[in-house]
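Participant: Okay, here's the structure, questions in a sec.
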Amino acid sequence: MQYLVTGATGFIGKFLLGELLAREDATVHVLIRDGSEAKFEGLKRRYEGTPGTLKRVSGDVTSAGVIGDADLKKLKGKIDHLFHLAAVYDMNMDDATGDRINNEGTRNVVALAHALGGDIRLHHASSVAVAGGSFVGRFTEKMFDEGQPVDHPYFRTKFQSEAIVRDECKVPFRIYRPGAVVGHSETGEMDKIDGPYYFFKTLQKISYGIPRWLPLLGIEGGKVPIAPVDYVVRAMDALAHKEGLDGQCFHLVQSDAPSVGELLQTFLKAAHGPEFATRIDLPPMPAALRPLANELGRRLPRSVEKAISEAIGAPLSVLGYVRNQAVFDDTLTRRALRGSGVKCPEIRDYAKVLWEYWELFLDLDVKIPKGALRRLAGKVVIVTGASSGIGFNVAKKLGAAGAKVILVARTREKLEQTRFIIEKAGGEAHVYPCDLNDMAAIDHCAQQILEDFGHVDILVNNAGRSIRRAVLESTTRFHDFERTMQLNYFGAIRMILNLLPSMAQRKGGHVINISSIGVLANAARFSAYVASKAALDAFSRSLAAEVKHKNIEITAIYMPLVRTPMIAPTKIYDYVPTWSPDHAADVVLKAILERPKSVATTLGTAAAISYAVWPKMNDYVLNKGFNLFPSSSSARGKGKGGESDKPSLQQVVFANLFKGEYF
């Protein structure tokens, strides 16, 4: 079986290749423009070891003939399936670009299909955008030209390019209309900010800025024709190889499309944000006003439209889904896929995967303090625990500030991901996997770093472990105290001891220890964790007095509760005030620049004073919190389940009076 694919380096295209190359008899020819050879090499690496064969064909859909005469002669009569995916998808594109790539490109590909001849079948990737932005009602797979307005360049050219296939193609063809295509439902992989992703940053801010227990008022909005990329390509692959479907069109969407409000709530849940207590439905625009609104949209200067888009963080056309009144019927698709095992998953089942991938790989809007670039460029900075949470965000900011970031954590794969992200944003990062529980491994890691870089300017001791368990529940668990001390205390000072001689010799250095508000407040139920951090604190205070004349500074940052993977097992923390990892990283960057002795919140400082002045009162308040926030069932030895994750009114009040404290 031989295939020719246009747009193979695009988001849908590269996933479709994976389906086609899974066949042992498959030879997949991909159209690659001259000068884009690196993209083809990337595809070869991605699919190295697959049963099928990948070959490059030089060409461009915007050129007459698409491919050269020599390649045409070589492929003539041999291609079984021609997949046309090459198109520009940019909701801010102009008419000329859409006409050149989407329309003329499609016309050229249709002509290529005719020239290749044989038993070729053309598969055209269209879009639900053919319905325009203001269609009202059910849009079926048999519908096409219903008199709908398609004024926007993207809507217009997707409509017209599908018309070219329907009117001009003389070989068998099939048409596929994906909806809003999001990342892979299993891995979350996505290549750009698009569709629902435009609103993720706002949802992230809501999730950190508004407590989860506070109900919100939301909107219902129109239906969103959403589908993950893996469903889209698996459906295309299955439909392309099934007999008897020529001339048909298929909607590749979730059958029961979520409303805008449902979609926002689903992603807010993935972000651990609050819930909508109720959602109001916006009234539809009166029919008499639609022509006026469309005319105003057409006459809006591109410069004004672009300025508004930048202000809201999304193309204006994306906001059309708020009032979208079209519902895309996929009955024919589901019927054709029956028995294939291919089914579109519900967004609620994979939203968390999409969210986590976005936070890790696509949330690259890194803000750094004023002066950071000038003062940190070229500095060698070690960040332990750099693969997630606070360490990950600190590493991203250091990379943006021009530092040489040394990433240290146990798992190489996660560190490589962090390096990829930092380098994608233009920074420099280096990976040094190390089990920080292993003293010999720390010695080797530190010495290798010194050999490779000559020195270390800044060490951020961030790696840590926390255990939430009362002492009376730990009387048979001495290992909890041992392993917590091993990582949080011994691991940290072992790294310091390895780097200290070099810093002393160079007469300069900075050690930052990520400590905890619990050290100041003596948090109940965290005795193992607090003791390990307090030990590091005591060591560092003694050390600071010894190295002051060497221009080596030691800084302790008494972090309040930060929403990181470390606190994720305690579900009630989703409802109490926490810092975001990004905010915590800002505090670390500020400490690197200002080199203070310590950094603490107002509550942390007040707790330390209260313990010194009114220790019994301090114990009384903490005891109230201890009894108000019970241990988990597993900590009490009763297995999982049984208690509610949602806080009571008393818990909410207490948590907000003592923001950032551990309970």
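Participant: How big is the shadow of the Cα convex hull of segment 2-358, averaged over all directions, in nm²? Don't skip to the answer; put the middle values down first.
Facilitator: Working: hull surface 73.5 nm².
If you wrap the Cα atoms of segment 2-358 in a convex hull and average its projections, you get 18.4 nm².
Participant: Now for a different question. If the only charges are +1 at each Lys and Arg Cβ and -1 at each Asp and Glu Cβ, what is the size of the charge dipole of the chain around the Cα centre, to the nearest 20 debye?
Facilitator: Roughly 1620 debye for the chain.
Participant: Sticking with this structure for a sec: Does anyone have the angle between helix 389-400 and the longest principal axis of the chain? Alpha-carbon axes, 0 to 90°, nearest 10?
Facilitator: That helix lies at roughly 70 degrees to the long axis.
Participant: Could you tell me which of the pairs Lys14/Lys269; Lys44/Lys78; Lys39/Lys192; Lys590/Lys616; Lys44/Lys158 are separated by over 26 angstrom between their Cα atoms in the structure shown?
Facilitator: Lys14/Lys269; Lys590/Lys616; Lys44/Lys158
Participant: Turning to a different aspect of this structure: Given points 7 Å out from each Cα along the Cα-Cβ axis, report the Asp69 to Asn627 separation in nanometres with one decimal.
Facilitator: 9.4
Participant: Further question on the same structure: Which whole-number value in Å³ per residue fits the convex hull of the alpha carbons of segment 390-532?
Facilitator: That works out to 118 Å³ per residue.
Participant: Sort by residue number and report every cysteine in the chain with no other cysteine beta carbon within a distance under 4.7 Å.
Facilitator: Cys169, Cys249, Cys344
Participant: How much mean residue ellipticity at 222 nm does the chain get from its helices, if each DSSP H run of length 4 or more adds -39500 (n - 2.57) and you divide by all residues, to the nearest 500 deg cm²/dmol?
Facilitator: Calculated from helices alone, the mean residue ellipticity at 222 nm is -12500 deg cm²/dmol.
Participant: A further question follows. How far is helix 37-46 tilted, in degrees, relative to the longest principal axis of the Cα atoms in the chain, given as a value from 0 to 90 rounded to the nearest 10?
Facilitator: The two axes meet at around 70 degrees.
Participant: Given the Cα-Cα distance of Glu356 and Thr411 and 0.36 nm per residue of separation, how much length would full extension add, in nm?
Facilitator: Between Glu356 and Thr411, full extension yields 18.0 nm more.
Participant: Further question on the same structure: Ratio of Rg to Rh for segment 1-56, alpha carbon only, Kirkwood?
Facilitator: Radius of gyration relative to Kirkwood radius: 0.92.
Participant: So what's segment 364-657 giving for Cα Rg divided by 2.2 N^0.38 Å, two decimals?
Facilitator: Details: Rg = 19.3 Å, N = 294, 2.2 N^0.38 = 19.1 Å.
Rounded to two decimals, the normalised Rg is 1.01.
Participant: What would the Debye formula give as log10 I(q)/I(0) at q = 0.16, 0.18, 0.22 Å⁻¹ for the alpha-carbon point model of segment 449-567, no solvent?
Facilitator: Once normalised to I(0) and log-transformed, intensities are -0.77, -0.92, -1.20.
Participant: While we're on this one: Return the Rg/Rh value of segment 2-128, two decimal places, where both radii are evaluated on C-alpha atoms and Rh is the Kirkwood radius.
Facilitator: That ratio equals 0.95.
Participant: For each of Met485, Met236, count neighbouring Cβ atoms within 10 Å of the residue's Cβ, then give the residues from fewest to most.
Facilitator: Lowest count first: Met485, Met236.
Participant: Once both axes come from the Cα atoms, what is the angle between helix 153-168 and the longest principal axis of the chain, in degrees from 0 to 90, rounded to 10?
Facilitator: 40
Participant: Further question on the same structure: Based only on Cα atoms, what mean projected area does the convex hull of segment 469-530 have, in nm²?
Facilitator: 4.9
Participant: How about Lys533: which lysines have a C-alpha closer than 19 Å to its C-alpha, ignoring those fewer than 8 places off in the same chain?
Facilitator: Filter leaves Lys597.
Participant: If you don't mind, there's one more thing I want to ask. Based only on the alpha carbon positions, what is the Kirkwood hydrodynamic radius of segment 157-231, in angstrom?
Facilitator: Computed over Cα pairs of segment 157-231, the Kirkwood hydrodynamic radius comes out at 16.1 Å.
Participant: When the Karplus curve 6.51 cos²θ - 1.76 cosθ + 1.60 is applied with θ = phi - 60°, which whole-Hz ³J(HN,Hα) does each residue of segment 618-626 get, with x for Gly and Pro?
Facilitator: So the J values, rounded to whole Hz, are 4, 4, 4, 5, 5, 5, 4, x, 4.
Participant: To continue, here is another question. Which percent, to the nearest 5, of DSSP beta bridges fully inside the chain are antiparallel?
Facilitator: Percentage antiparallel, nearest 5: 5.
Participant: Just the number: Rg to Rh for the chain, Cα atoms, Kirkwood Rh, two decimals. Don't jump to the answer; show the numbers that get you there.
Facilitator: On the way: Rg = 29.2 Å, Rh = 28.2 Å.
Computed over Cα atoms, the ratio is 1.03.
Taken together, the values in this text are just the output of simple stated rules run on the coordinates, not laboratory data. Everything quoted here is computed from the prediction, not taken from an experiment. Using ideal geometry, Cβ is built from the backbone for each residue, glycine included, and neighbour counts are taken over all protein chains shown.
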